[in-house]
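J.: Here it is: the structure, laid out below.
The values are calculated or read from the model by the stated rules, or taken from the named source; none is laboratory data. These numbers come from a predicted model, not from an experiment. Note: ideal-geometry Cβ built from the backbone for every residue, glycine included; neighbour counts use all protein chains shown. Each accessible area value is taken on the protein alone, full model and side chains, heavy atoms only, with ligands, DNA and RNA left out. Shrake-Rupley method; radii C 1.70, N 1.55, O 1.52, S 1.80 Å.
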Amino acid sequence: MHLSEDDIKTKVVYEWLKSCNISLNEIYIENTIRLKLGHGEKVVNSRADILVKSNEGDNLLIVEVKNPNHKLNEGDEHQARSYARSLLGNIAPFTVLTNGKESRIFDSVTGERIEGNSISNDHVYVKAGLRVT
């Protein structure tokens, strides 16, 4: 069976988010990137594959999904983090990059890769209520 990028979004990422108790109303698919420039707002010709927001409407994480046959690379990491950093409102503190076979999690501000199976409760953003400090 050949999986597409859309299959990874719906069959892998969505199921993972659901297993993390993230509700449907907190998940935004193909979210248009809107930038705050001065007092104005600019829509750019890019879309974040998946944006997860808190119940309060704060950006929590961006998930950038690649085709399962795509080998994740540094350019993909940069693309995903740039989406998280460019969001209108607040920076999404975490960035997830996946092709369904391999996944990488990053601190969106520092760009540091977060290793292990989960984000530590000691991480500065977790301690700050999932807000960039």
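J.: Output the qualifying pairs, or none if there are none: Cβ atoms under 8 angstrom, residues six or more apart or on different chains, first residue in region 78-99 and in a loop (DSSP other than H, G, I, E, B), second residue modelled with pLDDT under 85 and of a type in the set (Asp, Glu).
T.: Taking only residues 6 or more apart or on different chains, the pairs are 88/41.
J.: Restricting to region 88-122, give me the number of residues that are open to solvent by 20 Å² or more (accessible area, probe 1.4 Å) and within 11 Å of the chain's Cα centre (by Cα).
T.: 3
J.: State all residues of region 1-28 that are in contact with a helix residue (DSSP H, G or I) (Cβ under 8 Å, 6 or more places away or on another chain) and under 17 Å from residue 70 (Cα atoms); if no residue qualifies, say none.
T.: 3
J.: Can you tell me which residues in region 100-114 are assigned to a loop (DSSP other than H, G, I, E, B), of a type in the set (D, E, K, R) and closer than 22 Å to residue 14 by Cα? Steps first, please.
T.: Step one: of region 100-114, the residues assigned to a loop (DSSP other than H, G, I, E, B) are 100-102, 108-112.
From what is left, the residues that are of a type in the set (D, E, K, R) are 101-102, 112.
Within region 100-114, 101, 102 qualify.
J.: Filter region 30-59 down to residues that are crowded, with 16+ Cβ neighbours inside 10 Å and farther than 14 Å from residue 89 by Cβ and give me whichever is modelled with the highest pLDDT.
T.: Here the residue is 50.
J.: Can you spot a residue in region 75-82 that is under 21 Å from residue 31 (Cβ atoms), among the small types (Gly, Ala, Ser) and in contact with an Asp or Glu (Cβ under 6 Å, 6 or more places away or on another chain)?
T.: Looking for residues that are under 21 Å from residue 31 (Cβ atoms), among the small types (Gly, Ala, Ser) and in contact with an Asp or Glu (Cβ under 6 Å, 6 or more places away or on another chain), one finds at least one in region 75-82, hence yes.
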